[in-house]
Amino acid sequence: MGGAQTNLGCLGQLLGLLGFRIHPAATEQLPYRLRDDFLSPAELSFFRVLQLAIGDRWVISCKVNLTDLFFVPRGEGQLSWRNRIDRKHVDFVLCDPATMHPRLGIELDDSSHQREDRQDRDLFVNEVFDAAALRLLRIPAARTYSVSDIAAAIEGEVGQSAAIPPVPPSSKDPICPKCGIPMVQRKATRGANRGGSFWGCSNFPQCREVIRG
Ligand SMILES: [Zn+2]
């Protein structure tokens, strides 16, 4: 800190009193700035309708990176599959208020979604959600929305829980029903089964599938 920052002078003190923040010299500052468009006007207007449509039934998470929602089980190609989702996000995710478990993704599709490159991206994102058995609701961006239509569309989607396709076994060890890879034997260190052994997924903690054994 040089004298220039500690001695702000009369003008600096006045600005401080008026609520302006005095920044140190630009050269000492990290190059991060707060975006003014965290939600675009179209997203914000839909967000308000979404709040009315769901009340306190769900918690809305905005702009969730797909790697926060999904993981790729260990194995061949794990990194490249992960790379395909790590710069993508979904506009909104509705979560269970008690557990914050994601229950529904919502994409607000504006006119850019008609572009060919966008359509490829959208198709891939649809497949990612399908693979992980999380529903994704696409809503065309509009000037106005019907709160009751949005509420009904959400209930329709959440009511349909997609089943995860069964994975054929390929070894003697139990296979994680979610990831399709052999599970590993572990010893319970706490709980009612303490000291007993169980099979857990090697993708723990991203996958918490367990089989007693
Ligand atoms: Zn698993």
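The values are calculated or read from the model by the stated rules, or taken from the named source; none is laboratory data. In this text the structure is predicted, and so the values were computed from the model without any measurement. Cβ sites come from the backbone with ideal geometry, for glycine too, and all protein chains shown count toward neighbours. Protein only, heavy atoms only, side chains kept; ligands, DNA and RNA dropped before computing areas. Shrake-Rupley method; radii C 1.70, N 1.55, O 1.52, S 1.80 Å.
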Practice problem: Could you tell me whether P174 is modelled with pLDDT under 90 and within 16 Å of the ligand (Cβ to nearest atom)? | Solution: no
Practice problem: Hey, can you tell me all the residues within the stretch 54-68 that are of a type outside the set (S, T, N, Q), open to solvent by 40 Å² or more (accessible area, probe 1.4 Å) and either touching a strand residue (DSSP E or B) at 6+ places or on another chain (Cβ under 9 Å) or touching a residue at least 12 places away in the same chain (Cβ under 8 Å) (or both)? | Solution: D56, R57, V59, K63, D68
Quiz item: With respect to A133, is the statement that it is within 16 Å of the ligand (Cβ to nearest atom) and closer than 30 Å to F46 by Cβ true?
Solution: yes
Quiz item: Here are some conditions: (1) over 25 Å from R35 (Cβ atoms); (2) surrounded by fewer than 14 Cβ atoms within 10 Å (Cβ to Cβ). R87 meets all but one. Which one does it not meet?
Solution: (1)
Exercise. Enumerate the strands (runs of 3 or more DSSP E) found wholly within the stretch 173-213, keeping only those where 2 or more residues are surrounded by 16 or more Cβ atoms within 10 Å (Cβ to Cβ).
Key: 197-200
